[in-house]
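Report on the structure given below.
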Amino acid sequence: MLSTFFTPRNLLSNLVQLLMVAAAIGGAYYLFLSTQENLAARHIETGFAFLSQEAGFPIGDSLIDYQSSDSYGYALLVGIINTLYTAILCIILATVVGVIVGVAQVSDNLLIAKIAKTYVEILRNVPVLLILLFVYGVALAGLPSVKQAVEIFPGTFLSQRGLYFPRAIPEDGFIWVAMAFLVAIGLTILMVRWAKKRQNLTGRSLPLFWLGTAILTLVPLSVFWMAGGPVSWDYPALKGFNFSGGAVFRPEFLALVIGLALYRGAFIAENVRSGIMAVSKGQNEAAAALGVPPSRIMRGVILPQALRTIIPATTNDYASLVKDSSLAIAIGYPDMVSIGGTMIGQNGQAIEVIGIWMLVYLSINLVISVLMNVANKKFQLVER
Amino acid sequence: MTIIFQPSPDQPAPPTQRGVIKWLRDHFFSSVKNTILTFLGVGIILAIIPPLLDWFVLNATFVGNADECRAAGGACWSFVQAQFRLFMIGSYPQELAWRPIAAGLLLLALFIATARQLMPGKVAVVFWLLLPLPIYWLVGGGFGLESVDTSKWGGLLLTLVLSVVGILVSVPLGILLALGRRSNIKLIKGLCIALIETVRGVPLVTILFMASIMLPLFLPSGMEIGILYRVQIGIILFSSAYIAEVVRGGLQGVESGQSEAAASLGLHPWVTMLFIILPQALTKVLPPLIGRCIALLKDTSLVIVVGLLDFLGISKAASQDPEWLGFDAEAFVFCALIYWILCFGLSRYGNSLEKRGYAAYR
């Protein structure tokens, strides 16, 4: 061990390494000392004890019950849940936008293709924060006031205060409906497996999408009907200056989700477009020559191959989307960063809070890349 | 007597199979589905264009005060005119406005000189690397120029300073990080990987928070760095990590034969890297590097989270002016337009480089 250290070939590189380790440790120690000094001079505590102290600030939008008498740790949890919630919702919506616009970009119809292209070029070349501020400050602020709220569906109101909609309250027996839904999921999986086996044996295929939808809706619905409709609805009603009752998507939340989905959707649309264009034309022509109907060429031939290029690129976009959700702070939606920012303002424990932020974002990104790797494996070229 | 067969001239294609009609049929009415899509597209255009045209031009006010604007109901472009200086340079002193303009012209001149290849590449690289110095000197003052406090920098000026200096400093740093990631020395490699992956894993907002709140805690007492410089450091750090990954892609794309050939000629590894590997790698990744420039230009707008008034921040603040209260839409649209022109122009330039690059390799 020691002898190889001093061989002329390794000596220089090892010495450099040693020097660098020394410099790194020395630098870190110096930073540590000056940080300690600074923290003491500013009367800032260290450590994570503050997480159990009372937060003392209200949070405008929370998925779990929260009072300002709850602890900092709990407030941060509210923020983490909000971040995850918006991130998942944005990912779903951005994917829908991206797929629709992306397929529209390669449409045979020149008009639709140009409209989609224009959308992508406008949205991609503007800062995302500008889009968020515009949606929040201009588009949503331009909605009618509470008094003139628009009733989109019966019981669903859109106004400057957000989107109010009826809240479903499960009653006794609703558990059966939930269980029926689980059973329906199981049935669908079984059916898909059986259909695949049947197709391998006989070559005949089933309209899986419609069958699956039918099972997933009809089974729970019939149980719901048999149990006597065990759900009551809490409708929002205009009382005084605002709605009471029902559930609500606040404007901050709406702006964040709409803005991020539209913006990132444009990037995903580009991935979808380039993915489809990357599939060679011969695939399309060969399938058509075999008499495969156009809708099935797209679904069964083009898309599975296109997904090979789409998925890796889109993984990066999902990761960016999650990170972009931190822009909530600019429009006042209480995500993890915005709540953490309030905490830093109150007790100055920036190092700890920023550490927690980084940890959470790094873990979310890790989960995304693991999930997308699984998806990627599934669609990769199987070479024999 | 022989009869020579004379083919009669071809009949023209039937009217439905040529010219405009065929083009229309092929692209808009080739099938039932296509026809439905065409009507859908026409519907979308009719729903969007007329109201926008009304707002932008027909009902818009180009000259006049706030009350005339409100009466007209359309866009209030006189508001943008009145606040134009604010949009461009924030609260930078007006009598010194020539300095940021000079800095901008310098940037433009260098850009044009590079794009038109008016000077050798190596000279251009040196000029670009030195550019942050005159920019900060012209805008900030010192060395013979009256100094202007960084708190007065704002608007498009601040956005451009942050992003141009950010990109120019982060390219060499990113190259160093990318080389560090390929280093044989494990410690350097580990540090570089940790830095790159951590920075890429977290949002820019948290890095800006770090720069604005955490950085002062690390500094030895008595040493202070202004908020603008701290934010600039944060942006450089953020951008370097992404550029490192782009450069790494380029480095992987240079065949190993190149470095083997250089080694067999007896070139020192550093010379090989600097004059043989890096130029090829960077040429390859020029388009994605320009993509990073665009991303950074857009990302600098996040500095409003830590209280700097960049172009977007000024646009948000301009409509708070009591005289022009409530014209946020105009401010945002103007802001979006300028950003769009800059970003779209850059991306077009990137595309043309890509095409030229491919042509050169063929």
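Looking at segment A:288-384, what helices (runs of 4 or more DSSP H) fall wholly within it and have at least 2 residues that are modelled with pLDDT under 90 and not hydrophobic (A, V, I, L, M, F, W, C)? Lay out the reasoning, then the answer.
Numbers: elements: A:303-324, A:328-331, A:336-347, A:350-379.
Once the helices (runs of 4 or more DSSP H) in segment A:288-384 are filtered for at least 2 residues that are modelled with pLDDT under 90 and not hydrophobic (A, V, I, L, M, F, W, C), what remains is A:303-324, A:336-347, A:350-379.
For segment B:219-235, which residues satisfy the criterion of being in contact (Cβ under 8 Å) with a residue 60 or more places away in the chain and surrounded by 21 or more Cβ atoms within 10 Å (Cβ to Cβ)?
First, pick out the residues of segment B:219-235 that are in contact (Cβ under 8 Å) with a residue 60 or more places away in the chain: B:226-229, B:231-232, B:235.
Hits for segment B:219-235 are B:VAL231, B:GLN232, B:ILE235.
Please state which one of A:LEU256, A:LEU260, A:LEU238 is surrounded by fewer than 21 Cβ atoms within 10 Å (Cβ to Cβ) and either assigned to a helix (DSSP H, G or I) or touching a residue at least 12 places away in the same chain (Cβ under 8 Å) (or both).
Details: A:LEU256 fails: surrounded by fewer than 21 Cβ atoms within 10 Å (Cβ to Cβ); A:LEU260 fails: surrounded by fewer than 21 Cβ atoms within 10 Å (Cβ to Cβ).
After ruling out the rest, the residue left standing is A:LEU238.
Could you name every one of the helices (runs of 4 or more DSSP H) located completely within segment B:257-348 that has at least 2 residues being of a type in the set (Gly, Ala, Ser) and out of contact with any Phe, Trp or Tyr (no Cβ under 9 Å at 6 or more places or on another chain)?
Those helices (runs of 4 or more DSSP H) span B:311-318.
Please find, within segment B:203-257, the residue that is nearest to the other protein chains (Cβ to nearest Cβ) out of those that are over 30 Å from B:MET273 (Cβ atoms) and touching a Lys or Arg at 6+ places or on another chain (Cβ under 7 Å).
B:PRO203
In segment B:219-256, what count of residues is obtained for those that are in a helix (DSSP H, G or I) and closer than 26 Å to A:GLY341 by Cβ?
We begin by selecting, within segment B:219-256, every residue in a helix (DSSP H, G or I); these are B:227-253, B:256.
Applying the additional criterion that residues be closer than 26 Å to A:GLY341 by Cβ yields B:227-242.
So the count comes out to 16.
Quick one: which of B:ILE175, B:ILE185, B:ILE167 is out of contact with any Asp or Glu (no Cβ under 9 Å at 6 or more places or on another chain) and within 14 Å of chain A (Cβ to nearest Cβ)? Working first, answer last.
Working: B:ILE175 fails: within 14 Å of chain A (Cβ to nearest Cβ); B:ILE167 fails: within 14 Å of chain A (Cβ to nearest Cβ).
Going through B:ILE175, B:ILE185, B:ILE167 in turn, just one is out of contact with any Asp or Glu (no Cβ under 9 Å at 6 or more places or on another chain) and within 14 Å of chain A (Cβ to nearest Cβ): B:ILE185.
Select from segment A:214-231 the residues that are at pLDDT 80 or above and out of contact with any helix residue (DSSP H, G or I) (no Cβ under 9 Å at 6 or more places or on another chain) and list them in ascending order. If you could, list the steps in order and put the result at the bottom.
Step one: filter segment A:214-231 for residues at pLDDT 80 or above, giving A:214-226.
Listed by number, the residues that qualify are A:ALA214, A:TRP225.
Can you tell me which of A:ALA149, A:ALA141 is out of contact with any helix residue (DSSP H, G or I) (no Cβ under 7 Å at 6 or more places or on another chain), within 14 Å of another protein chain (Cβ to nearest Cβ) and farther than 28 Å from A:ILE276 by Cα?
Numbers: A:ALA149 fails: within 14 Å of another protein chain (Cβ to nearest Cβ).
From the options A:ALA149, A:ALA141, the qualifying one is A:ALA141.
Which residue out of B:ALA47, B:ALA71 is of a type in the set (Gly, Ala, Ser), part of a helix (DSSP H, G or I) and within 14 Å of chain A (Cβ to nearest Cβ)? Show your work before the answer.
Values: B:ALA71 fails: within 14 Å of chain A (Cβ to nearest Cβ).
Criteria check complete, one pass: B:ALA47.
Just wondering, is there one or more residues in segment B:279-294 that are within 11 Å of chain A (Cβ to nearest Cβ), closer than 19 Å to A:TYR263 by Cβ and not small (Gly, Ala, Ser)? Working first, answer last.
Start the filter on segment B:279-294 by keeping residues that are within 11 Å of chain A (Cβ to nearest Cβ), which leaves B:291, B:294.
From the residues that got through so far, the ones that are closer than 19 Å to A:TYR263 by Cβ too are B:291, B:294.
Cutting the leftovers down to not small (Gly, Ala, Ser) gives us B:294.
There is at least one residue in segment B:279-294 that is within 11 Å of chain A (Cβ to nearest Cβ), closer than 19 Å to A:TYR263 by Cβ and not small (Gly, Ala, Ser).
Has segment A:5-23 got at least one residue that is more than 13 Å from every other protein chain (Cβ to nearest Cβ) and in a loop (DSSP other than H, G, I, E, B)?
yes
The values are calculated or read from the model by the stated rules, or taken from the named source; none is laboratory data. Model, not experiment: these values are computed from the prediction. We place every Cβ from the backbone using ideal geometry, glycine too, and count neighbours over all the protein chains shown.
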